[in-house]
Amino acid sequence: MAKIIDGKMTSTAVREKIKRDVSKFTEETGKTPGLAVVIVGENPASQVYVRNKHKACGEVGIYSEVHELPESINEDELLALIDKLNSDKKINGILVQLPLPKHLDEEKVLLRIDPNKDVDAFHPVNVGKIMIGNFSFLPCTPAGVMELLKHYEINTSGRHCVIIGRSNIVGKPQAMLMLKENATVTICHSKTENLADITKQADILVAAVGRANFVKADMVKEGATVIDVGINRNAEGKLCGDVDFNEVEPIASYITPVPGGVGPMTITMLLKNTLTAAKEQYK
Ligand code: NAP
């Protein structure tokens with residue numbers, strides 16, 4: 001039976017620390033770290049994420065403002081808002097909630113964010129820094145995974161970490177963060193042949209696929225740590241991960257549940273990045 005990696009509990013502990021650090025920062029500088037979140041259109045999932053981010057900021061003493069823009073906004077108007085936020089002194093971090101409506105060029109929009117305020121770490125400058133192991137901002141979801149491993153004292157050094165998924169948001173940066181912590185890393189994707197043969201070699205298996213219950217028991221080595229990044233709905237409309245929890249839990253040594261595993265850590269790491277941004281900007 002696996003030990004459950006509790007993302008809610010870990011997140012609460014990390015947020016307490018961030019709250020203390022924010023308070024110390026405000027005392028020392030007289031400034032409050034500030035985050036601007038930009039949301040375009042009315043995607044219900046995005047609206048929930050944005051509300052949660054705003055609430056989490058308030059709880060740790062970070063100023064936050066939400067810019068809700070209509071779906072009909074054109075690219076120039078959105079870029080003009082980003083320019084304004086780039087030069088706004090009370091804003092240290094800017095986050096544009098993805099996905100954007102189809103008529104807006106996501107890459108162009110993300111490129112416009114000042115890399116020093118890019119708390120999602122999606123700007124190519126920050127992606128490049130991650131590649132060379134010189135981080136300013138850690139990409140939130142992979143950083144949340146690393147924080148969970150650290151919290152549960154699961155060592156990555158010298159261990160084989162297999163990541164299923166190569167997205168720019170999760171899979172690729174996850175590989176870089178694990179590499180920095182001296183793991184031997186394998187990245188798998190939809191064209192990987194004999195996937196189960198590879199995943200069965202993993203000491204630490206990270207699933208970032210986006211397919212409900214994709215990872216089955218016969219893909220996991222006895223005693224492996226299994227990290228489930230996926231957020232999916234199953235046939236009954238219930239939230240579930242990429243890992244078939246009921247099958248895999250009996251053979252893993254550690255496992256993250258969905259919900260309550262990686263999910264709560266993502267916003268926590270955003271708070272951490274916003275504080276880091278403020279510290280850098282007021283240095
Ligand atoms: P994504 O961009 O769709 O990437 C999915 C990856 O899975 C791709 O690299 C794809 O390979 C690979 N894949 C798909 N089918 C596969 C198969 N049959 N065998 C092996 N690999 C396969 O998704 P994402 O943005 O990385 O997100 C992944 C999951 O994490 C989603 O469920 C998402 O909702 C969740 N997520 C959670 C959080 C959080 O806060 N917990 C944050 C972000 C994302 P190809 O590259 O070859 O297409």
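Every number here is computed from the coordinates shown, using simple stated rules; none is lab data. The structure presented is a predicted model; accordingly, all values stated were derived computationally and were not measured. Cβ sites come from the backbone with ideal geometry, for glycine too, and all protein chains shown count toward neighbours.
Points to keep in mind about this one:
- Mean residue ellipticity at 222 nm, helices only, the chain: -12500 deg cm²/dmol; runs of at least 4 DSSP H residues each add -39,500 (n - 2.57), and the sum is divided by the number of residues.
- For the chain, the relative contact order is 22 percent, taking Cα pairs closer than 8 Å that sit 6 or more residues apart in sequence and dividing their mean separation by the residue count.
- For Val96, distant residues with modelled amide H under 5 Å away: Val38
- Distance (nanometres) between label positions extended 7 Å along Cα→Cβ at Lys31 and Glu236: 5.0 nm
- Residue exposure sequence - Phe122, Phe245 - by fewest surrounding Cβ within 10 Å: Phe245, Phe122
- Model label zone, Lys108; criterion: amide N under 16 Å from point 7 Å along Cα-to-beta-carbon; scope the stretch 76-93: 76-83
- Least to most buried among Ile132, Ile4 (fewest other Cβ within 10 Å first): Ile132, Ile4
- Rounded to the nearest Hz, the phi-derived 3J(HN,Hα) couplings of the stretch 62-71 under the Karplus curve 6.51 cos²θ - 1.76 cosθ + 1.60 (θ = phi - 60°) are 8, 5, 9, 10, 10, 9, 9, 10, x, 3, where x marks glycine and proline.
- Evaluated at q = 0.10, 0.12, 0.14 Å⁻¹, the base-10 log of the normalised Debye intensity for the chain, with identical point scatterers placed on the Cα atoms, takes the values -0.53, -0.77, -1.03.
- Of Cys240, Cys161, the sequence from fewest to most neighbouring Cβ atoms within 10 angstrom is Cys240, Cys161.
- At q = 0.12, 0.19, 0.23 Å⁻¹, base-10 log of I(q)/I(0) for the stretch 1-95 (Debye sum, equal scatterers on each alpha carbon): -0.51, -0.97, -1.18
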